[in-house]
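Let me begin by presenting the structure, written as structure tokens, before commenting on it.
The values are calculated or read from the model by the stated rules, or taken from the named source; none is laboratory data. Quantities reported herein were computed from a predicted structural model and do not represent experimental measurements. Cβ coordinates were reconstructed from backbone atoms using ideal geometry, including for glycine residues, and neighbour counts include every protein chain displayed. Ligands, DNA and RNA are stripped out before the accessible areas are found, and what is left, the full protein with its side chains, is counted by its heavy atoms. Shrake-Rupley method; radii C 1.70, N 1.55, O 1.52, S 1.80 Å.
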Amino acid sequence: MITDYIAQVDNQQHERELVERLERRRAAAERVAAERFNGDRLALIAHLARTARATRVVAARPVSC
């Protein structure tokens, strides 16, 4: 019983640490994107859309032998 509780507490602590790390990375990525596109969110969205579209086009091409 106590072992289960300790494992649960340990898992919750690990999860909190992962969430904090993810939030720090997200915030850093947002800062970089804001600097790169001068705070223009629409420009960032357009860039992401172009990148995603280009990735799909490349993935759809048949591989030549």
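Does anyone have the angle between helix 2-36 and the longest principal axis of the chain? Alpha-carbon axes, 0 to 90°, nearest 10? Between helix and principal axis, roughly 30 degrees. Protein heavy-atom surface of the chain, 1.4 angstrom probe: 59% of the accessible area is carbon and sulfur, with nucleic acids and ligands not counted.
Dipole size of the chain about its Cα centre, with +1 on Lys/Arg Cβ and -1 on Asp/Glu Cβ: approximately 680 debye, rounded to the nearest 20.
Against the chain, whose longest principal axis is taken from its Cα atoms, helix 41-60 shows a tilt of about 80°. Binning at 5 angstrom from zero up to the longest distance, how are the C-alpha pair distances of the chain distributed in percent? For the chain, the pair-distance distribution reads 3, 14, 10, 12, 11, 11, 10, 9, 8, 7, 4, 1, 0.
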